[in-house]
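The values are calculated or read from the model by the stated rules, or taken from the named source; none is laboratory data. Everything quoted here is computed from the prediction, not taken from an experiment. Virtual Cβ from ideal backbone geometry, glycine too; neighbours counted across all protein chains shown. Areas reflect the complete protein model, heavy atoms only, side chains present, ligands, DNA and RNA absent. Shrake-Rupley method; radii C 1.70, N 1.55, O 1.52, S 1.80 Å.
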Amino acid sequence: MVDDVVLKSAAETAWTVYRARHPDVGARDSRRCLLERHLHRRWEERESDTEELASFGIAYLHRLPRDEC
């Protein structure tokens, strides 16, 4: 079972960093949901700590095409 604290903390960290670099992205942007699903799958594949998951999340967000979100 996914450790909710680790997952939520990693998602929040990644989202905060991403939004700080992209101020035009709203707090309820659809990318947030995509990020959470990506991190959940990533954690299920290989358990990671909060920092590692947050790093994966930031990298994932930067790879998303802007016009698809």
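The tail of the calculated P(r) for the chain beyond 15 Å holds 44 percent of all Cα-Cα pairs. Summing Cβ point charges (Lys, Arg +1; Asp, Glu -1) relative to the Cα centre of the chain gives a dipole of roughly 320 debye. With respect to the chain, whose longest principal axis is taken over its alpha-carbon atoms, helix 4-21 is tilted by about 20°. Label sites at CYS33 and ASP3, each approximated as a point 7 angstrom past Cα along Cα to Cβ, lie 2.8 nm apart. Across the stretch 1-32, the residues whose backbone nitrogen lies under 18 Å from the label position 7 Å along the beta-carbon direction of GLU52 are 1-14. Among the trypsin sites (Lys or Arg not before Pro) in the chain, those placed in a DSSP loop whose Cβ has at most 16 other Cβ atoms within 10 Å are ARG28, ARG46. For the stretch 18-69, the fraction of 1.4 Å probe accessible surface lying on carbon and sulfur atoms is 45 percent. Of the residues GLU12, GLU45, GLU36, the one that moves most in a GNM of the chain with alpha-carbon contacts below 10 Å is GLU45. Over the chain, Cα pairs under 8 Å with separation of 6+ residues give a relative contact order of 48 percent.
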